[in-house]
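Novice: Have a look at the structure that comes next, please.
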Amino acid sequence: MKQLTRFCYLTLFVCSLSILSSCGDDEVITPDPEVPTPNAVEFASDNADFSSLVAAVSQAGLVETLSGDGPFTIFAPTNAAFQALLDSNADWNSLADIPNDVLTTVLTYHVVSGTVKSTDLTTGYVESLSATPFGANASLFVNTDAGVTINGDVTVTGADNEVSNGVIHAVDKVILPPNVVTFATTNPAFTSLVAALTRADLMTDFVAALTGEGPFTVFAPTNDAFQALLDSNDEWAALADVPVAVLEDVLKYHVTTAGNVRSTDLTNGQEVATLLTDENFTIDLTDGAKIIAGGNTANIILTDVQGQNGVVHAIDAVLIPASIANVSTPNAVQFAAANENFSILVEAVTKAGLVETLSGAGPFTIFAPTNAAFQALLDSNTDWNTLDDIPVATLTAVLTNHVVAGDVRSTDLSTGYFHSVSPTPFNGEINTSLYINLEDGVRINGTSSVIGADNVVSNGVIHAVDAVILPGDIVTFAISNPIFSSLVAALTRSDLSVDFVGALSGAGPLTVFAPTNEAFQALLDSNMDWNTLADIPATVLESVLLYHVTSAGNVRSTDLSDGQTVSTLLENNSFNINLTGEIPAINATMNNANIIATDVQGTNGVVHVIDTVILPQL
């Protein structure tokens, strides 16, 4: 046993000497160099399943490009994908049979600029590096609803293969450059459009036409847009219910042969000719991109989906040409006449002589009172038993106070002021305001609620309301807007000698500079003895309130000038207008205020909102 132990020690000693002698000064051990990350072409060349892709890239002369810095995102077809491409054309037995220009277009269509990992992909359109005849590159539609598909039928089968100049995603098919039909058939948001274009009884073969050379520009309505079209007519439960002649004209109206018209080519007021003879529409860029059609309005909600034979822009409404507007979608008066709950409204519109106006092109947004709303109006006045008892001038002013210019959907509404088309006594171009509040549904002037929104008509939209909206005076706008609750509390304080509500409800014209709640709180904070409005001496509060009103007339923002002296209801007290800053201001006797909102127009005057309670010499 001892001999065995000695032998083991001896062996270890000899081995140690051997190792030490091999580490002399004449020999240095160096680690293996780090293997560099291959570029896209090198990665594909090292992968047997991409041999056809490498051959294609070489044939098209793209090796140098795709070996460059990039970065590129490449959707790389497998060998099986290329074989399926060859099998799809009887003239293509090998890659050599595909013309190089075609092959280049196809291959660059698989390349996107930048490094886009699978986790970065979202459903939508991306721009490829494949050129089109129009100076813009072709788009790809990526759908991530179930895995990652491209242009509808190409699936990513191996994602996120990182290379030194980007990333490669393997795909199971070759992605062919698209035409405008490709984008309609591959995007599930356009299934209704595809169903319409392919309806068997149409005289026009739209699919064949739109796969032609072009160039075409297509304004493509979404599924929601088509549903709204069906909802606009009680007889249309499905696309099959739309008369074929109507549908054919509508579809032609969405296509222009004016060329490849991209968003940057659109101009405000531009007239766009369509495939429907003698029917054009107009581009409106004043507040977002809109189309003013013959019978309605649509928003352009997605632009520049580029194909090889044209470009697609998505819109949120089916465009209605003027020639069939009355057939497809009723105008505002027709809609009301067909709805028994608006029979009194129709009677009132007829009595006021507004049928022709509200049947016109518009577009109008109409807050339409129900029969119950009109009955409540009649019940509010002992002299009004029927509409015949209301003077026509009064009825006209009331009805036009329910109408706003433009197509304002419920989603477009926001808390604030809108101008109706109801005229005031001060100038033919000055109309009454409406105060919209969205804090609890949609309330108008504090008294009327929207109970049925977004009834689309050919010349705008109708929102049903539960109360008739009477034209507002200055007091209306103070009471209806919660930011003026402190002002209202001040005006109605019982110990004041002036009946401010009575005065401000009079004929006027008056101009009121209305402080907000925050302005009144700042006033209270300025005096240790004032915790609430009730703590302000009545004579002081009365003088302050009088100082915010001028009887100089209906003084709108356009009537104000720098240095202008404004007399007030407080005798021998005035203030000056200062227009030198970014926003108009008031230089009062004791302090200053900014005018933060202007031209809230009532029947007896106008209100401007200010951020400070202005103080006279007290």
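Novice: What are the radius of gyration and Dmax of the stretch 287-327, computed over its Cα atoms and given in Å?
Specialist: So, for the stretch 287-327, Rg and Dmax equal 12.1, 37 Å respectively.
Novice: For the stretch 116-201, compute the orientation-averaged projected area of the C-alpha convex hull (one quarter of its surface), in nm².
Specialist: Directional mean of the projected Cα hull area for the stretch 116-201 stands at 7.1 nm².
Novice: How would you rank 571-582, 86-97, highest first, on the average number of other Cβ atoms within 10 Å across their residues?
Specialist: Top of the packing list down: 571-582, 86-97.
Novice: Which one of 434, 135, 107 is farthest out on the positive end of the charge dipole of the chain, using unit charges on Cβ (Lys, Arg +1; Asp, Glu -1) and the Cα centre as origin?
Specialist: 434
Novice: Per-residue ellipticity at 222 nm for the chain, helices alone: DSSP H runs ≥ 4 residues times -39500 (n - 2.57), over residue total, nearest 500 deg cm²/dmol?
Specialist: Dividing the helical sum by the residues of the chain leaves -7500 deg cm²/dmol.
Novice: So who's got an amide H within less than 5 Å of the one on residue 39, skipping anything under 5 residues away but keeping other chains? H placed 1.01 Å off N, in plane.
Specialist: 164
Novice: Spin-label point model (7 Å from Cα, Cβ direction): what's the residue 205 to residue 582 distance in nm?
Specialist: 6.2 nm
Novice: Where nothing but the Cβ of Lys and Arg (+1) and of Asp and Glu (-1) is charged, how large is the charge dipole of the stretch 155-308 around its Cα centre, in debye to the nearest 20?
Specialist: Roughly 380 debye for the stretch 155-308.
Novice: A follow-up question, please. Percent of Cα-Cα pairs more than 21 Å apart in the stretch 158-258, please.
Specialist: 45 percent
Novice: Placing +1 at every Lys and Arg Cβ and -1 at every Asp and Glu Cβ, with all other atoms neutral, what dipole size does the chain have around its Cα centre, in debye to the nearest 20?
Specialist: Dipole about the Cα centre, nearest 20: 400 debye.
Novice: From zero outward in steps of 10 Å, how is the percent of C-alpha pairs of the stretch 399-455 spread across the bins?
Specialist: Reading the bins upward from 0: 22, 56, 19, 3.
Novice: Using the alpha-carbon centroid of each, what span in Å lies between the stretch 57-94 and the stretch 423-468?
Specialist: 59 Å
Novice: To continue, here is another question. Checking a compactness column here: for the stretch 213-288, what do you get for Rg(Cα) / (2.2 N^0.38 Å), N being the number of residues?
Specialist: Working: Rg = 14.3 Å, N = 76, 2.2 N^0.38 = 11.4 Å.
It is 1.25.
Novice: Hey, can you rank 555-561, 500-506 by average C-beta count inside 10 Å, highest first?
Specialist: Listed from highest to lowest mean packing, they are 500-506, 555-561.
Novice: By how many nm would the segment from residue 100 to residue 351 grow when fully extended, if each residue of separation counts as 0.36 nm and the alpha-carbon distance is taken off?
Specialist: Gain on extension, residue 100 to residue 351, equals 83.0 nm.
Novice: Hey, another quick one. Checking the cross-link filter: which aspartates and glutamates have an alpha carbon closer than 12 Å to that of residue 252, excluding same-chain neighbours under 8 positions apart?
Specialist: Counting by Cα, and skipping residues close in sequence, residue 252 has these aspartates and glutamates nearby: 205, 278, 279.
Novice: Using a cut-off of 14 Å between alpha-carbon atoms, which aspartates and glutamates can reach residue 117, once sequence neighbours fewer than 8 places away in the same chain are excluded?
Specialist: 160, 162
Novice: Divide the volume of the convex hull of the Cα atoms of the stretch 360-459 by its number of residues and quote the answer in cubic angstrom per residue.
Specialist: Hull volume over Cα atoms, normalised by residue count, gives 127 Å³.
Novice: In Å and on Cα atoms, what radius of gyration and Dmax does the stretch 462-501 show?
Specialist: Computed over the Cα atoms of the stretch 462-501, radius of gyration and Dmax are 13.5, 45 Å.
Novice: Antiparallel versus total DSSP beta bridges in the chain: what percent is that, nearest 5?
Specialist: The answer is about 75 percent antiparallel.
Novice: Can I ask one more? Across the Cα atoms of the stretch 466-611, what radius of gyration and what greatest pairwise Cα-Cα distance (Dmax) are found, in Å?
Specialist: In order Rg, Dmax, the Cα atoms of the stretch 466-611 give 14.9, 46 Å.
Novice: On to the next question. Not counting ligands, DNA or RNA, and with a 1.4 Å probe, what is residue 421's accessible surface area in Å² rounded to the nearest 10?
Specialist: Around 50 Å² of this residue is reachable by solvent.
Novice: When you count, for each residue, the other Cβ atoms within 10 Å and take the mean per peptide, how do 138-149, 457-468 rank with the highest first?
Specialist: 457-468, 138-149
Novice: Sticking with this structure for a sec: Please grab the % of Cα pairs in the stretch 62-221 that end up more than 21 Å from each other.
Specialist: So the portion of pairs separated by more than 21 Å is 51 percent.
Novice: Given 217, 70, 198, which one lies farthest toward the positive end of the charge dipole of the chain, if we put +1 on the Cβ of every Lys and Arg and -1 on the Cβ of every Asp and Glu?
Specialist: About the Cα centre, the residue reaching furthest to the positive side is 70.
Novice: What is the Cα centroid distance between the stretch 295-349 and the stretch 406-421, reported in whole angstrom?
Specialist: The stretch 295-349 and the stretch 406-421 have Cα centres separated by 18 Å.
Novice: For the stretch 404-507, what log10 I(q)/I(0) values come out of the Debye formula at q = 0.12, 0.18, 0.20 1/Å, with one point per alpha carbon and no solvent?
Specialist: Normalising to I(0) and taking log10 leaves -0.48, -0.95, -1.11.
Novice: Something else: Relative contact order of the chain, please, whole-number percent, based on alpha carbon pairs below 8 angstrom and at least 6 residues apart.
Specialist: Numbers: 1222 pairs, mean separation 46.7, N = 618.
The value is 8 percent.
Novice: Here's another thing I want to ask about it. Normalised by the number of residues in the stretch 392-496, what is the relative contact order in percent for Cα pairs under 8 Å and 6+ residues apart? All intermediate terms of the calculation are to be shown ahead of the outcome.
Specialist: Working: 159 pairs, mean separation 22.6, N = 105.
With pairs under 8 Å counted, the relative contact order is 21 percent.
Novice: Give me the Kirkwood hydrodynamic radius of the stretch 252-407, using the inverse of the mean 1/r over all pairs of distinct Cα atoms, in Å to one decimal.
Specialist: That comes to 18.0 Å for the stretch 252-407.
Novice: Next question. Would you kindly calculate the translational diffusion coefficient of the chain, applying Stokes-Einstein with the Kirkwood radius from alpha carbon pairs, for 10 °C and a viscosity of 1.306 mPa s, and quote it in µm² s⁻¹ without decimals?
Specialist: 52 µm²/s
Novice: I need to check one value: relative contact order of the stretch 482-551, counting alpha carbon pairs closer than 8 Å and at least 6 residues apart, in percent.
Specialist: Once normalised by length, the contact order is 42 percent.
Novice: Between residue 539 and residue 412, how high is the FRET efficiency from 1/(1 + (r/R0)^6) when r is the Cβ-Cβ distance and R₀ = 56 Å? Nearest 0.05.
Specialist: Details: r = 47 Å, r/R0 = 0.84.
That gives a FRET efficiency of 0.75.
The values are calculated or read from the model by the stated rules, or taken from the named source; none is laboratory data. Just so it is clear, the model here is predicted, and its values are computed rather than measured. Backbone-built Cβ (ideal geometry, glycine too); neighbour counts: all protein chains shown. Just so you know, the surface numbers come from the protein's heavy atoms only, side chains and all, with ligands and any DNA or RNA stripped out. Shrake-Rupley method; radii C 1.70, N 1.55, O 1.52, S 1.80 Å.
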